[in-house]
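First up is the structure itself, then whatever we jot down about it.
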Amino acid sequence: MKKTAVGLLTLFLFGCAQQPINDKQQVTAPVVKPMTKPLAFAPMVTAAEMQAAAKAQTATAEKKASKIKKQAVVNTNVTTDKITASTASAKLAAVDHKQKATTKKTTKDGMLILGHHEWVLILSGTKHISAYIDPKSATSRIGVKDLVEFERDGDNWVKFHFQAKEYKYPVKSWSKSEDKKRLPVVSLRTKLGDRNDEVVYQLINGGNGVVLGENFMRDIAIQNNQRKYIQPRAK
């Protein structure tokens, strides 16, 4: 009997040990949920945008290179411009010599040096006219107003207005213009610089201005067409 009782007690105790723990007494560890971030997608870059970005980078690089180059040039100029008193005197002498050379009005043999324009006085006029110097033109030309032909003692004469004054001159000869018009040729007093000459002109009715051609320059003048108004105004 004792053995039986001991066995039953053992079974009872074993059964109690196998009973589940009450839910209230059960302790559960908290479950930590993993942190997840939403996926971020980079915007698509078009080919045009990539080209624009490349051009901008190239322009920036070129601008920087140009700036560096300019700085180098400035630095070079600064260093090479440092001159001594002796070299400064030489430079000033060279400049003075150049200025004297450019203001020469005559050649060594006494011929006038004319620019492509010179101031002249025609007839008895007191208003200087800018004459165009054209050594390729055989004859000089002058524009006049109200040109009229007439005869005097059997000779051909012309009258015309120039600088608001009327003049009458005998015709030396006749010539033709490029459009085959008949033009009178007269000899008119002309002052240029220190010269005072009778110059043969074609009279252009309704024309304007004065052209001094080869017939004026022959044996007395040469031209420097890089300059103008070399000779002083005639008095």
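The values are calculated or read from the model by the stated rules, or taken from the named source; none is laboratory data. Everything numeric here is computed off the predicted structure, so don't read it as measured data. We place every Cβ from the backbone using ideal geometry, glycine too, and count neighbours over all the protein chains shown. Heavy atoms of the whole protein, side chains included, go into the accessibility calculation; ligands, DNA and RNA do not. Shrake-Rupley method; radii C 1.70, N 1.55, O 1.52, S 1.80 Å.
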Sole residue being out of contact with any strand residue (DSSP E or B) (no Cβ under 6 Å at 6 or more places or on another chain), closer than 26 Å to Gln223 by Cβ and open to solvent by 50 Å² or more (accessible area, probe 1.4 Å), chosen from Lys127, Lys165: Lys127
Strands (runs of 3 or more DSSP E) contained in the range 123-235 and holding at least 3 residues of a type in the set (Phe, Trp, Tyr) and more than 23 Å from Lys105 (Cβ to Cβ): 155-162
Check on Asp194, at pLDDT below 95, within 21 Å of Ile113 (Cβ to Cβ) and of a type in the set (D, E, K, R): yes
Scan of the range 185-235 for residues that are loosely packed, with under 14 Cβ neighbours inside 10 Å, among the basic types (Lys, Arg) and out of contact with any Asp or Glu (no Cβ under 8 Å at 6 or more places or on another chain), ordered by number: Arg218, Arg233, Lys235
Residue list for the range 145-160, restricted to those being of a type outside the set (D, E, K, R) and modelled with pLDDT of 95 or more: Leu147, Val148, Phe150, Asn156, Trp157, Val158, Phe160
